[in-house]
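The next block holds one structure in the form of structure tokens; read it before the comments.
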Amino acid sequence: MSKEITNKDKDYSQWYNDLVLKGGLADYSAVRGCMVIKPYGYTLWENIRDVLDGMFKETGHVNAYFPLFIPKSFLSKEADHVEGFAKECAVVTHYRLKNDPDGKGVVVDPEAKLEEELIVRPTSETIIWNTYKTWIQSWRDLPILVNQWANVVRWEMRTRLFLRTAEFLWQEGHTAHATSEEAVAEAEKMLEVYANFAEEYMALPVVRGVKSANERFAGAVETYCIEALMQDGKALQAGTSHFLGQNFAKAFDVKYLSKEGKEELVWATSWGVSTRLIGALIMAHSDDKGLVLPPKLAPFHVVIIPFISKNPDETQALREKANEIKSLLKAKGIRTQIDDDETKRPGFKFAEYELKGYPVRVVIGPRDLTNGVAEVARRDTGEKQSVSLENIDQTIDQLLEDIQKNLYQKALSFREEHITQVDTWDEFMDVLENKTGFVSAHWDGTPATEDKIKELSKATIRCIPLNNKLEEGKCILTGQPSKQRVLFARAY
RNA sequence: CGGGGUGUAGCGCAGUCCGGUUAGCGCAUCUGGUUUGGGACCAGAGGGUCGCAGGUUCGAAUCCUGCCACCCCGACCA
């Protein structure tokens, strides 16, 4: 069958690609490293976006939009920042094409060279802080709590659908504050927003933490992150929030006059999540039959499949009943689709909607109609039950809640089982190789040791969990004293 | 950027080693019919610059040279 997907255990990467492509989320495009997000995948993104956007508004943020292009000079104003992004920037050098003198299409017009080259934004700190300079004069102008939904480009060497593409969609919040404390509080607050979103909506348990110096965002003083675990035991950073200190205020000379009449540098944060979340969603819950989507984000909650009968009257009655159920569900805010396509057989449809991850399937045939029931199947466990048509809306409403909870619980158990404490290097390597997942181990706190561990094991420090328990110990690599355990893992 | 692999119909592939009629198969598509409680069946039809550009040859999907694209694994990254 053309729709068959690779078994997860056989080839996890191929399984993932199959889900994305055959599940109808995205396609490869004509441009290297760039993907086409198809309607089904885009709806998923819209659902993610809408919920997050509501959360941002709830926490006092407003949306704005800044240019796609950044003057090259801006990027070089913050030393760490340039270094972090310089290697993966797309650059616009010309502004015009002309007909090829040899008659073969168009060529870049050498006459149309830009005075100053433009960088396609890999992130917007620089263009935004250059703008904030003009917005901020007084303490009364602060804080600025702005978010933007945008695309960014990072010219990655190696790309993967949703997880790492050259162009991707995201949101980036950029805030300006009068004090360091306020900015830190903002960064922490937004991390918590992300964590809540991941857990409540994506049914994805995450570890909240801070990054080590090596893994910190280029230009940040502190990077907070949420880390999730995928079914293959690899970690995935699902969101980050940065306390930028005064680095960008210094670089762009953004100062305000305090209540005391003193000129002060502004404090900053930035935070973002991207379409990568869709990759996380896929890898966290799906199985060998296809996607498994949490109800709170699934494009559709329910598909109703009426059986087609030989008897036209019966078929008509089934269609009507399907519509009736749909209306009932719709009244409860349940997103429902009816598939009464007569050219496809039921078995085909079952497989198709399982592949697409619809949380609930409702099947209704002549026998059900007589008995006043429908067959309701849940995607997460595959269980089927005969349900009375009387209060099917309530049953399904409850079922969707159960599915959402069950997905979270399943992912949580998996995550808990895959955080392993180790105290020796041999154990460390053994867990990474065989058990996989997060490894909680002592580290002497130096970047050099972290690099060495990465080199030897391919594992990185995913984070130092927030409110981490302090505990005396010895670094698994160097034996030097350590005050706390940190989480290592191989990661996406 | 290194290593490996693949480019032949919308998708998946065979054919390439060893050149030779009209390039084939499965799925999908279209038409007609029979079907429909877990990926239906029968009959017929349409669909191809064999990745691109050169070259060798009477003759190239097949041999030679160059290029390009994509996938996988590594280094780098959200």
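The values are calculated or read from the model by the stated rules, or taken from the named source; none is laboratory data. Here the structure is a predicted model, which is why all the values come from computation and not from measurement. All Cβ positions, glycine included, derive from the backbone under ideal geometry; neighbour counts span all protein chains shown. Note: areas computed on protein heavy atoms with side chains; ligands, DNA, RNA excluded. Shrake-Rupley method; radii C 1.70, N 1.55, O 1.52, S 1.80 Å.
Step by step: first the residues of the stretch A:471-491, then only those that are polar (S, T, N, Q) and over 15 Å from A:SER457 (Cα atoms), then the one that is least open to solvent (accessible area, probe 1.4 Å). Which residue is that?
Start the filter on the stretch A:471-491 by keeping residues that are polar (S, T, N, Q), which leaves A:478, A:480, A:482, A:484.
Right, trim to over 15 Å from A:SER457 (Cα atoms) and you get A:480, A:482, A:484.
Working: A:GLN480: 98, A:SER482: 4, A:GLN484: 54 Å².
Among those residues, the one meeting the criterion is A:SER482.
Mind listing just one residue for me: the one in the stretch A:365-376 that is assigned to a strand (DSSP E or B) and more than 7 Å from RNA strand B (Cβ to nearest atom) and, of those, farthest from the chain's Cα centre (by Cα)? Outline the logic, then answer.
So in the stretch A:365-376, the residues assigned to a strand (DSSP E or B) come out as A:373-376.
Of the ones still in play, those that are also more than 7 Å from RNA strand B (Cβ to nearest atom) are A:373-374, A:376.
On the way: A:VAL373: 39, A:ALA374: 36, A:VAL376: 30 Å.
Among those that are assigned to a strand (DSSP E or B) and more than 7 Å from RNA strand B (Cβ to nearest atom), it is A:VAL373.
I'd like the full set of residues that are open to solvent by 30 Å² or more (accessible area, probe 1.4 Å) and not charged (D, E, K, R), limited to the stretch A:432-442. Give the derivation first.
Of the stretch A:432-442, the ones open to solvent by 30 Å² or more (accessible area, probe 1.4 Å) are A:433-436.
Correct list: A:ASN434, A:THR436.
Scanning the stretch A:397-427 for residues that are in a helix (DSSP H, G or I) and of a type in the set (A, V, I, L, M), which turns out farthest from A:GLN484 (Cα to Cα)? Give the steps one after another, and end with the answer.
Going residue by residue through the stretch A:397-427, those that are in a helix (DSSP H, G or I) are A:397-417, A:425-427.
So of that shortlist, the ones also of a type in the set (A, V, I, L, M) come out as A:399-400, A:403, A:407, A:411-412.
Working: A:LEU399: 42, A:LEU400: 40, A:ILE403: 37, A:LEU407: 31, A:ALA411: 26, A:LEU412: 23 Å.
Only one residue fits best here, namely A:LEU399.
So, in the stretch A:284-306, exactly how many residues are within 13 Å of RNA strand B (Cβ to nearest atom) and out of contact with any strand residue (DSSP E or B) (no Cβ under 7 Å at 6 or more places or on another chain)?
The qualifying residues number 5.
If we scan the stretch A:377-387, do we find a residue that is more than 16 Å from RNA strand B (Cβ to nearest atom) and either closer than 23 Å to A:LEU204 by Cα or open to solvent by 50 Å² or more (accessible area, probe 1.4 Å) (or both)? Break it down stepwise before answering.
Just the residues of the stretch A:377-387 that are more than 16 Å from RNA strand B (Cβ to nearest atom), to begin with: none.
Checked against the condition, which is being more than 16 Å from RNA strand B (Cβ to nearest atom) and either closer than 23 Å to A:LEU204 by Cα or open to solvent by 50 Å² or more (accessible area, probe 1.4 Å) (or both), the stretch A:377-387 yields no hits at all.
How many of the residues in the stretch A:108-126 are exposed (fewer than 13 other Cβ atoms within 10 Å of the Cβ) and over 26 Å from A:PHE248 (Cβ atoms)?
So the first thing to find is which residues in the stretch A:108-126 are exposed (fewer than 13 other Cβ atoms within 10 Å of the Cβ), and the list is A:110-113, A:115-116.
Filter once more, keeping what is over 26 Å from A:PHE248 (Cβ atoms): A:110-113.
Qualifying residue count for the region: 4.
Condition test on A:GLU390, is it within 9 Å of RNA strand B (Cβ to nearest atom), in the same structural domain as A:ILE308 (by TED's automatic domain parsing) and open to solvent by 20 Å² or more (accessible area, probe 1.4 Å)?
Details: within 9 Å of RNA strand B (Cβ to nearest atom): no; in the same structural domain as A:ILE308 (by TED's automatic domain parsing): yes; open to solvent by 20 Å² or more (accessible area, probe 1.4 Å): yes.
No, not satisfied.
Say we look at the stretch A:1-24 and pick out the residues that are touching a Lys or Arg at 6+ places or on another chain (Cβ under 7 Å) and not aliphatic (A, V, I, L, M); which of these is most open to solvent (accessible area, probe 1.4 Å)?
Going residue by residue through the stretch A:1-24, those that are touching a Lys or Arg at 6+ places or on another chain (Cβ under 7 Å) are A:3, A:5, A:15, A:22-24.
Within this subset, residues satisfying the condition of being not aliphatic (A, V, I, L, M) are A:3, A:15, A:22-24.
Details: A:LYS3: 83, A:TRP15: 0, A:LYS22: 61, A:GLY23: 0, A:GLY24: 11 Å².
This residue is A:LYS3.
If the requirement is being buried (at least 21 other Cβ atoms within 10 Å of the Cβ), on the phi > 0 side of the Ramachandran plot and within 14 Å of RNA strand B (Cβ to nearest atom), which of these qualifies: A:GLY233, A:GLY219, A:GLY209?
Numbers: A:GLY233 fails: buried (at least 21 other Cβ atoms within 10 Å of the Cβ); A:GLY209 fails: on the phi > 0 side of the Ramachandran plot.
Among A:GLY233, A:GLY219, A:GLY209, only A:GLY219 is buried (at least 21 other Cβ atoms within 10 Å of the Cβ), on the phi > 0 side of the Ramachandran plot and within 14 Å of RNA strand B (Cβ to nearest atom).
From the list A:ALA218, A:ALA195, exactly one residue is of a type in the set (Gly, Ala, Ser) and part of a helix (DSSP H, G or I). Which is it?
Details: A:ALA218 fails: part of a helix (DSSP H, G or I).
Among A:ALA218, A:ALA195, only A:ALA195 is of a type in the set (Gly, Ala, Ser) and part of a helix (DSSP H, G or I).
Determine whether the stretch A:327-350 contains at least one residue that is among the acidic types (Asp, Glu), within 15 Å of RNA strand B (Cβ to nearest atom), in contact (Cβ under 8 Å) with a residue 40 or more places away in the chain and outside the structural domain of A:ALA26 (by TED's automatic domain parsing). Before the answer, list the steps.
Step one: filter the stretch A:327-350 for residues among the acidic types (Asp, Glu), giving A:339-342.
Imposing the further condition that a residue be within 15 Å of RNA strand B (Cβ to nearest atom) reduces the set to A:339-342.
When the remaining residues are screened for being in contact (Cβ under 8 Å) with a residue 40 or more places away in the chain, the result is none.
Checked against the condition, which is being among the acidic types (Asp, Glu), within 15 Å of RNA strand B (Cβ to nearest atom), in contact (Cβ under 8 Å) with a residue 40 or more places away in the chain and outside the structural domain of A:ALA26 (by TED's automatic domain parsing), the stretch A:327-350 yields no hits at all.
If A:ASP27 passes every condition in (1) open to solvent by less than 40 Å² (accessible area, probe 1.4 Å); (2) assigned by TED's automatic domain parsing to the domain that holds A:LEU169; (3) within 15 Å of RNA strand B (Cβ to nearest atom); (4) over 16 Å from the mean Cα position of the chain (by Cα) but one, which one does it miss?
(1)
Among the residues that make up the stretch A:65-86, is at least one of them small (Gly, Ala, Ser) and in contact with a strand residue (DSSP E or B) (Cβ under 6 Å, 6 or more places away or on another chain)? Quick ask: steps written out before the conclusion?
From the stretch A:65-86, those small (Gly, Ala, Ser) are A:73, A:76, A:79, A:84, A:86; that's our starting set.
Imposing the further condition that a residue be in contact with a strand residue (DSSP E or B) (Cβ under 6 Å, 6 or more places away or on another chain) reduces the set to none.
No, every residue in the stretch A:65-86 fails to be small (Gly, Ala, Ser) and in contact with a strand residue (DSSP E or B) (Cβ under 6 Å, 6 or more places away or on another chain).
Considering A:LYS469, A:LYS474, which residue is charged (D, E, K, R) and under 22 Å from A:CYS225 (Cβ atoms)? Steps first, answer last, please.
Numbers: A:LYS474 fails: under 22 Å from A:CYS225 (Cβ atoms).
So the residue among A:LYS469, A:LYS474 that is charged (D, E, K, R) and under 22 Å from A:CYS225 (Cβ atoms) is A:LYS469.
State which residue is most open to solvent (accessible area, probe 1.4 Å) when the search covers only the stretch A:151-192 and only residues that are in a helix (DSSP H, G or I) and charged (D, E, K, R).
Taking the stretch A:151-192 and keeping what is in a helix (DSSP H, G or I), we get A:180-192.
Those still in the list that are charged (D, E, K, R) too: A:181-182, A:186, A:188-189, A:192.
Values: A:GLU181: 131, A:GLU182: 71, A:GLU186: 9, A:GLU188: 86, A:LYS189: 92, A:GLU192: 72 Å².
The residue in question is A:GLU181.
Are there any helices (runs of 4 or more DSSP H) wholly within the stretch A:30-101 with 1 or more residues that are within 24 Å of the chain's Cα centre (by Cα), and if so which? Walk me through it before giving the result.
Working: elements: A:39-58, A:72-75, A:79-85.
Answer list for the stretch A:30-101: A:39-58, A:79-85.
Is one or more of the residues making up the stretch A:6-15 assigned to a helix (DSSP H, G or I) and more than 13 Å from RNA strand B (Cβ to nearest atom)?
Our first condition is that a residue be assigned to a helix (DSSP H, G or I); within the stretch A:6-15, this holds for A:12-15.
From what's left, more than 13 Å from RNA strand B (Cβ to nearest atom): none.
No, there is no match, as no residue in the stretch A:6-15 is assigned to a helix (DSSP H, G or I) and more than 13 Å from RNA strand B (Cβ to nearest atom).
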